[in-house]
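The values are calculated or read from the model by the stated rules, or taken from the named source; none is laboratory data. Quick caveat: nothing in here was measured; it's all calculated off a predicted structure. Cβ atoms come from the backbone with ideal geometry, glycine included; neighbour counts cover every protein chain shown.
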Amino acid sequence: MDYRGKWALVTGASAGIGQEFVRQLAESGANVVMVARREDRLKELSALLDSHGTKTIPLAADLSDPDAPESIVAFLEEQGINIDILINNAGFGLPGKYISTSWAEQEKYLQLMVSAYAELTHRLLERMQARGYGRVINVASVAGLVPPAAGHTLYGPSKSFLVSFSQALAAEYNDTDINVSALCPGFTYTEFHDVNNTREQLNKMPDFMMMQVGETVSGALKAVEKAHTVYVPGLQYKFLVWLTGILPRAWAERIVRRSGKNYRDSQ
Ligand SMILES: NC(=O)c1ccc[n+]([C@@H]2O[C@H](COP(=O)([O-])OP(=O)(O)OC[C@H]3O[C@@H](n4cnc5c(N)ncnc54)[C@H](OP(=O)(O)O)[C@@H]3O)[C@@H](O)[C@H]2O)c1
């Protein structure tokens, strides 16, 4: 991939998968605007990547704030930056049963996991279309492709939305140089499971079920270049998604419900 001269925007750039996207995009020559709440981390990353000779701009924003996407786009316009590559990635899981978290928190969660993805894409696509080039990766999950388990209730549904949203956009931009993909990782080593408070459960997971961010991100960048709409990293997860797809729905639901207890907090 040669992204020299292009600008990328990565949300959730302060850790895990987002941080790796920033690294790989900068290595491929792209300038990157990095969004997350922890500005200190973004500044550290920016300093580390200086040697690539590309520009990285840290931009602190809380994407659960409904005003954030518009403010981000206003900042880009002030700076005269046109985004060519959008990586919508920021996210986490809210542990427990649906009603164990207040509606106010659930609403903020939907803002972060659904609305911010949709609004940033909407606001940036217009310019991509005018310039005839764009790459959009929405970071969904295997959880968006298989039946949901108990706990972290809105996580799976929000990821299913991202898969379907990406497919709809990919259909709209078919036969153009605007490619849209949903990246659907399985369990991947990041801070995600510390934030979700499921690290202990996850430590019991067999090693072969754990993916590394490097392969996940390089695979996603190749997939969007090839206009693959849904990309699942790792043969083990491709097999799992295929299996739950061919089994009768009730069987697949039963399997996911049972195994969900091993990695979800449903209380
Ligand atoms: N790791 C996995 O096993 C896995 C599997 C499937 C899908 N995913 C998806 O991959 C994406 C990235 O997760 P990760 O694994 O890289 O987790 P991570 O290491 O915890 O990183 C999450 C990123 O999201 C940012 N973020 C969270 N809330 C935010 C908010 N309100 N506003 C702005 N940024 C926010 C965090 O930054 P700040 O805290 O600095 O704001 C951080 O940069 C998520 O969408 C997740 O659902 C992860």
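Taken over the stretch 235-256, the criterion of being in a helix (DSSP H, G or I) and loosely packed, with under 15 Cβ neighbours inside 10 Å is satisfied by LEU235, PHE239, TRP242, LEU243, GLY245, ILE246, ARG249, ALA250, TRP251, ARG254. I'd like the residue in the stretch 165-207 that is in a helix (DSSP H, G or I) and among the hydrophobic types (A, V, I, L, M, F, W, C) and, out of all such residues, is farthest from the ligand (Cβ to nearest atom). By that ranking, first place goes to ALA171. Is it fair to say ALA61 is closer than 22 Å to GLU225 by Cβ and not β-branched (Val, Ile, Thr)? No: the conditions fail for ALA61. Exactly one residue among VAL73, VAL10, VAL35 is farther than 19 Å from GLY214 by Cβ, part of a strand (DSSP E or B) and in contact with a helix residue (DSSP H, G or I) (Cβ under 9 Å, 6 or more places away or on another chain), and that residue is VAL35. Put simply, of GLY96, GLY91 the only residue that is part of a loop (DSSP other than H, G, I, E, B), within 10 Å of the ligand (Cβ to nearest atom) and surrounded by 17 or more Cβ atoms within 10 Å (Cβ to Cβ) is GLY91.
Of the numbered criteria (1) touching a strand residue (DSSP E or B) at 6+ places or on another chain (Cβ under 9 Å); (2) buried (at least 19 other Cβ atoms within 10 Å of the Cβ), the one LYS226 fails is (2).
The combined condition, being buried (at least 19 other Cβ atoms within 10 Å of the Cβ), at pLDDT 95 or above and either of a type outside the set (Lys, Arg) or more than 22 Å from ILE17 (Cβ to Cβ) (or both), is not fulfilled by ALA118. Checked against (1) of a type outside the set (Ser, Thr, Tyr); (2) modelled with pLDDT of 95 or more; (3) within 15 Å of the ligand (Cβ to nearest atom); (4) in contact with a helix residue (DSSP H, G or I) (Cβ under 9 Å, 6 or more places away or on another chain), ASP67 meets all criteria but (4). Taking the listed residues ALA60, ALA15, the one that is under 17 Å from the mean Cα position of the chain (by Cα) and either within 14 Å of the ligand (Cβ to nearest atom) or under 20 Å from ILE72 (Cα atoms) (or both) is ALA15, with no other qualifying. Considered as a group, the residues in the stretch 213-267 that are more than 17 Å from VAL146 (Cα to Cα) and at pLDDT below 95 include one that is farthest from the chain's Cα centre (by Cα), and that residue is GLN267.
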